1. Checking the conditions here, which among VAL157, VAL134 is surrounded by 12 or more Cβ atoms within 10 Å (Cβ to Cβ), modelled with pLDDT of 95 or more and under 29 Å from ALA189 (Cβ atoms)?
2. Select from region 28-73 the residues that are among the hydroxyl-bearing types (Ser, Thr, Tyr) and more than 15 Å from PHE116 (Cα to Cα) and write down the one among them that is surrounded by the fewest Cβ atoms within 10 Å (Cβ to Cβ).
3. Restricting to region 27-43, and then to whatever is among the aliphatic types (A, V, I, L, M) and in a strand (DSSP E or B), can you tell me which residue is nearest to PRO135 (Cα to Cα)?
4. Could you list all residues from region 11-51 that are touching a Pro at 6+ places or on another chain (Cβ under 6 Å) and closer than 18 Å to ARG136 by Cβ?
5. Out of SER247, SER221, SER253, I need the residue that is polar (S, T, N, Q), surrounded by 21 or more Cβ atoms within 10 Å (Cβ to Cβ) and touching a helix residue (DSSP H, G or I) at 6+ places or on another chain (Cβ under 7 Å). Which one?
6. For ALA56, indicate whether it is assigned to a helix (DSSP H, G or I), more than 19 Å from SER121 (Cβ to Cβ), modelled with pLDDT of 95 or more and small (Gly, Ala, Ser).
7. Would you confirm whether or not region 240-247 contains a residue that is part of a loop (DSSP other than H, G, I, E, B), at pLDDT 95 or above and within 29 Å of GLU69 (Cβ to Cβ)?
Amino acid sequence: MAVERGARIQRLTVEPTAGLANRLRVLASGIALSRRLGCPLRVIWTRTPDLGCRFADLFEPVPGIAVIERSWTASRIMRFVEARTRFDEYITQPRVERLLDSAYDFTALERARLPFIITCSRFYPSQGELARLVPRPSITSTVRACVASFTPSTVGVHVRRTDNVEAIARSPTHAFLTLMHERVRDDPATTFFVATDSRDEEQAMRQVFGDRVMARPKELSRSRPAGIRDALVDLLCLAQTSLVIGSYWSAFSEAAAELGGRPLIVVDVTRGTSSTV
């Protein structure tokens, strides 16, 4: 039986999709919107090949937010059932994109009783909301040990490669190296924390900058819990550098800079090597 429409919102349900950084942006949007609407937030956290890790293995429970952990198969089945029996407003990624293009105000969802949003996009302004997420103690201690060697001259470098063709073309290695040389020229004390999904990229930077480069040994597979935990550690470490030099069209670069309140330089050769965000 369909849910009756017209009553004031009782709960907002959000299912973040895609990789870690995209999900964090969606989660932040959900937190901000639920606070604005004055309703509880329910998060569906689905383990997929892009992110094979439980929310509870990454973060402490967030007060006021119910997180439902599901496998990929279970989530697809439940989504099919709940779309027809539970939610009175069901918004998928294509519709989110259309609504964003039309400057839709998502606070209008207060007219629904049980709305549901599944997306990989930031759909509501959420500056500062990521700070509400508290990493698990094991992750926090790993980050603390890593950043102990950072100085005010440590620059973060995020090179995205394996799953982003646009980043490979518009953020090539030589453009990163050019910006890194400029940083060393301007400040000889500069060091770099490099976070990348390519061991070849890390090695290329070590060959040029030697001991100036810091990077963590890590699991690169995003389908494994260890790979996602390592990705979160890299994200949190980047957030504590003085500046993030990031890849084109990378939510990870943007999330690191946003989380740390750091300036972001996006490497993009179509704009003359870089652009500052």
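1. VAL157
2. Across region 28-73, the extreme among qualifying residues is THR73.
3. VAL43
4. ARG23, LEU27
5. Of the residues listed, the single one that is polar (S, T, N, Q), surrounded by 21 or more Cβ atoms within 10 Å (Cβ to Cβ) and touching a helix residue (DSSP H, G or I) at 6+ places or on another chain (Cβ under 7 Å) is SER247.
6. So ALA56 passes the test.
7. Checked region 240-247: at least one residue is part of a loop (DSSP other than H, G, I, E, B), at pLDDT 95 or above and within 29 Å of GLU69 (Cβ to Cβ).
Let's see how each residue does on (1) part of a strand (DSSP E or B); (2) touching a strand residue (DSSP E or B) at 6+ places or on another chain (Cβ under 9 Å); (3) under 26 Å from LYS218 (Cβ atoms):
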{"site": "TRP45", "(1), (2), (3)": "yes, yes, yes"}
{"site": "ARG76", "(1), (2), (3)": "no, yes, no"}
{"site": "ARG79", "(1), (2), (3)": "no, yes, no"}
{"site": "GLU82", "(1), (2), (3)": "no, yes, no"}
{"site": "GLU97", "(1), (2), (3)": "no, yes, no"}
{"site": "PHE123", "(1), (2), (3)": "no, yes, no"}
{"site": "ARG144", "(1), (2), (3)": "no, no, yes"}
{"site": "THR151", "(1), (2), (3)": "no, yes, yes"}
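The values are calculated or read from the model by the stated rules, or taken from the named source; none is laboratory data. The structure presented is a predicted model; accordingly, all values stated were derived computationally and were not measured. Reconstructed Cβ throughout: ideal geometry from the backbone, glycine too, with neighbour counts over all protein chains shown.
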